[in-house]
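Working notes, structure below.
The values are calculated or read from the model by the stated rules, or taken from the named source; none is laboratory data. These numbers were taken from a predicted model, which means no experiment stands behind them. Because the Cβ atoms are built from the backbone with ideal geometry, glycine has one as well, and the counts that use them run over all protein chains shown. Remember, those area values only see protein heavy atoms, side chains included, never the ligands or the DNA or RNA. Shrake-Rupley method; radii C 1.70, N 1.55, O 1.52, S 1.80 Å.
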Amino acid sequence: MAELTLPASIAGVEPVRSVRTPAHLDYQFTAGEATSRFLRGIAERRILGERCPVCEKVYVPPRGACPTDGVPTAEQVELPHEGTITSFCVVNVAFYGQAMEIPYVSALILLDRSDLPIMHLIQEVAADEVRVGMRVEAVWVPDDELAPTLESIRWFRPTGEADVAVDMPGEGEGTGLGSWPELSPGSGA
Amino acid sequence: MRDVAIIAFAQSEHRRRVDDRNEVEMLMPVVGEVLASAGMTMDDVGFTCSGSTDYLAGVAFSFVMTLDGVGPWPPIQESHVEMDGAWALYEAWVKLQLGDVDTALVYCYAKSSPGDLPMVMTRQLDPYSVAPLWPDAVSLAALQTRAAIDAGRVTVEAMAEVAARSRRDAMGNPKAQLAWDRPAADLLAEPETVAPLRRHDCPPISDGVAAVVLAAADAARGRASRPAWIRGIDHRVEPMALGLRDLTDSPSTRLAAERAGLHDGPVEVAEVHAPFTSQELILRAALGLDGDTVVNPSGGALAANPMMTAGLVRIGEVARRISDGEHRRGVAHATSGPCLQQNLVCVLEGDT
């Protein structure tokens, strides 16, 4: 580094080693048409997915587009409040802002008649008993606490039904996690 | 070099605020329109490249969700730039030069309305010494304009002429957000908002989308009756520190124009990406445009200024005029960064 000669007036000051520059910006988020329909449904204790007119897959929560066909998903489909765990993780690490007591389970839940899992909490069961294929159901907040947010579903809990075999959506085309198009169909499974 | 042409262009109507739709819902109709215009579906697209920035809508990785609008599953060849779509077009042009693919879809979008845009734009500044001061984009343009006036390169009268001409031309542009017909002399009677800028010197804040289809050689000739060939394209950047630059000139634009071969032939039409009136005057000088060139017939960024999008719109507007047969040779310019920091020049020609 080049030698710097400072003016006499600041020659003796302590060098700056770091600078804090806090930044804060406010946004008014727009959920969009499809997600707004979904959130309004949630406030009425209904789970509304949307179906792609081309491949007929049902997405929940809908974002407005089918990622396979790139077309709007306009047809709404009311979904059951039950589903199957397709993947999960046990959270053992405490972090700032944590709402749940550790250990707790965060899982991907494929709602019946849908084609893309949602992420939610699993409760009312010991963390080490949670497994892929477990059947679960939504536990809602009381009616007077219903709002257009996924937090209107407090968590999911086991239904007590027998486990089912899990066929991950997209498995036949690779899971998308480390899978590439040159792999033969199914090899990503 | 492979011959590469723009064979289709589409854009949304630009609006101050799109409340109902999210970004992917704004994008899909425009992508559908541009592909239909090229007689293509996504299956015919060899490479997809997009331009946007998450800071506008304040949604992390929003460009990943927006990608759903082009059906990226199973995986497609795709890339994204955190820049104006004009630079996404540049990347797609390079990709086509490599020769592996013959067609490319380029799209870009802005949803600026969820945030406070002039403040959001401060986040692109030097994070140590400038961004902590939160100098908003209009104030920086005012500083640049003051310097240009003091240097004798710009006058407020010439700026008012730019504003009046741009908004008048915008009346013929159905996609424009801001269009009116008032004489320049009247504009000067209005008070300064951020001196020396008046309201008419500033662009509108816009939500909008644009898309272009590129095709190489035979793929272009087979799909378009009159492709707009990219004869030269180049982009150059100046230092990030505003104090290291001459804000009254645009040497990066001048260099990009030379390298793109702008001066190898007549320039019938120019679309210049100048969000502020004084910037058009600086850019015209750097591009060496004279009175024979029609400048910003669309109304330019003063008619609609969707961030990360208005640059690609400039390219599309020139390409459309060449494909229509209105002009044979023209230039499009795009800018990025504060006070014209980075500039791209694209020279387009139709077949004779």
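Here is a yes/no grid of residues against (1) at the interface with another protein chain (Cβ under 10 Å from one of its Cβ atoms); (2) surrounded by fewer than 21 Cβ atoms within 10 Å (Cβ to Cβ); (3) in contact with a helix residue (DSSP H, G or I) (Cβ under 7 Å, 6 or more places away or on another chain):
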{"residue": "B:81", "(1), (2), (3)": "no, no, yes"}
{"residue": "B:94", "(1), (2), (3)": "no, yes, no"}
{"residue": "B:132", "(1), (2), (3)": "yes, yes, no"}
{"residue": "B:147", "(1), (2), (3)": "no, yes, no"}
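Out of B:174, B:203, which single residue is surrounded by 14 or more Cβ atoms within 10 Å (Cβ to Cβ) and assigned to a loop (DSSP other than H, G, I, E, B)?
None of the others qualify; the one that does is B:203.
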Reported set for the stretch A:33-57 where residues are assigned to a loop (DSSP other than H, G, I, E, B) and in contact with a helix residue (DSSP H, G or I) (Cβ under 8 Å, 6 or more places away or on another chain) is A:43, A:45
Residues being open to solvent by 10 Å² or more (accessible area, probe 1.4 Å) and away from every other protein chain (no Cβ under 14 Å): count how many of those fall in the stretch B:104-117. 0
Would you please name the residue that is farthest from the other protein chains (Cβ to nearest Cβ), looking only at residues in the stretch B:83-92 that are open to solvent by 30 Å² or more (accessible area, probe 1.4 Å) and either on the phi > 0 side of the Ramachandran plot or part of a helix (DSSP H, G or I) (or both)? B:90
Enumeration of residues in the stretch A:88-107 that are open to solvent by 50 Å² or more (accessible area, probe 1.4 Å) and either in contact (Cβ under 8 Å) with a residue 40 or more places away in the chain or part of a strand (DSSP E or B) (or both): A:88, A:89, A:90
The stretch B:184-200: number of residues that are open to solvent by less than 70 Å² (accessible area, probe 1.4 Å) and not in a strand (DSSP E or B): 7
Residue in the stretch B:29-75 that is most open to solvent (accessible area, probe 1.4 Å), counting only those that are part of a loop (DSSP other than H, G, I, E, B) and away from every other protein chain (no Cβ under 11 Å): B:61
Any residue that is at pLDDT below 95 and closer than 30 Å to residue A:66 by Cβ - is there at least one of those in the stretch A:124-137? yes
Looking for something without any contact (Cβ under 8 Å) to a residue 60 or more places away in the chain and of a type in the set (Lys, Arg) - is there at least one such residue anywhere in the stretch B:88-96? yes
From the set of residues in the stretch A:70-87 that are in contact with a Phe, Trp or Tyr (Cβ under 9 Å, 6 or more places away or on another chain) and in a loop (DSSP other than H, G, I, E, B), which is nearest to the other protein chains (Cβ to nearest Cβ)? A:73
Where residues in the stretch B:91-134 are among the aromatic types (Phe, Trp, Tyr) and within 20 Å of residue B:338 (Cα to Cα), which of them is modelled with the lowest pLDDT? B:128
Can you tell me which residue is nearest to residue B:54 (Cα to Cα) among those in the stretch B:281-322 that are among the polar types (S, T, N, Q) and in contact (Cβ under 8 Å) with a residue 40 or more places away in the chain? B:309
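Residues are listed down the side, and each one gets a yes or a no for (1) in the same structural domain as residue B:104 (by TED's automatic domain parsing); (2) of a type in the set (A, V, I, L, M, F, W, C):
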residue: B:217; (1), (2): yes, yes
residue: B:221; (1), (2): yes, no
residue: B:238; (1), (2): no, no
residue: B:254; (1), (2): no, no
residue: B:266; (1), (2): no, no
residue: B:275; (1), (2): no, no
residue: B:304; (1), (2): no, yes
residue: B:321; (1), (2): no, no
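How many of the residues making up the stretch A:112-161 are in a helix (DSSP H, G or I), open to solvent by 40 Å² or more (accessible area, probe 1.4 Å) and touching a residue at least 40 places away in the same chain (Cβ under 8 Å)?
2
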Any residue that is at pLDDT 95 or above, open to solvent by less than 20 Å² (accessible area, probe 1.4 Å) and touching a Gly at 6+ places or on another chain (Cβ under 6 Å) - is there at least one of those in the stretch B:275-297? no
For the list (1) out of contact with any strand residue (DSSP E or B) (no Cβ under 7 Å at 6 or more places or on another chain); (2) free of Cβ contacts under 8 Å to residues at least 40 places away in the same chain; (3) on the phi < 0 side of the Ramachandran plot; (4) of a type in the set (Phe, Trp, Tyr), I need the number of the one condition that residue B:55 fails. (2)
